[in-house]
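Below is one structure, written out as structure tokens; comments come after it.
Just so you know, all these numbers are worked out from the coordinates, no wet-lab data involved. Remember, predicted model here, so these are calculated numbers, not experimental data. Positions of Cβ are generated from backbone atoms using ideal geometry, with glycine treated the same way; all protein chains shown enter the neighbour counts.
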Amino acid sequence: MKKKVIKWFAGACCFAFGISLIVTDIYVHILLAYNAIISDKINYIVDEKSFTYRPSSIVVGNVSIDFLEDGRDKFQDYIDSSGFTNTCTFGGTDVFSGTDGLNTAIGGHNPGVFHWLVGTSIGARMIVTDNDGISYEYYLKEKLFTDDKGNDLKGSDKNFYDFLTGKGDEERITIMYCVDDDRESLIFVPV
């Protein structure tokens, strides 16, 4: 009886190991397919010195992501059409310039295209390029956590909706994405 139990247990372990190999193989193929899908809009920078910035892109660390300009009227439909690659302007100025002294608000999904921004530290550097590929350097000055109406979720009774989505009166980039049912906004200002 003991030998049967041991054989059964060994067989069950081999079966479980085989299933885990199949699941791992499927997962690897999903990741490869995902990387193939996003590779035209998300670029991982290996050597910053030889990297050429693409027009209308955001670069933080070693990740570069293209964004659609003038997306105000089609923002939600556009980012929903591919949450892992699509990001676009939705407030502030319609087209990013880097020299107009106004806010450009850019949004995308998390989980999705902006998942790698969660946890970005104050002071982090970001490069944003205009539609001619001219690069401008910014740093993360402030993080705001709001509901979808712009109400502060950190204890004050302030509303940041106009600050986040309006043109404002200072050069800045507002990056907005969801964290659970709420919004995290990263406020970048020129270096």
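In table form, for the structure just shown:
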item	result
Cross-link reach list, aspartates and glutamates versus Lys74, counting only Cα pairs under 13 Å and skipping chain neighbours closer than eight places	Asp94
Estimated dipole of region 83-191 in Debye, rounded to 20 [Cβ of Lys and Arg +1, of Asp and Glu -1, Cα centre]	240
Formal net charge of residues neighbouring Gln76 (Cβ-Cβ distance under 15 Å; K, R +1; D, E -1)	-2
For region 42-190: rounded, prolate or oblate by the Cα gyration tensor [a/c cutoff 1.5]	rounded
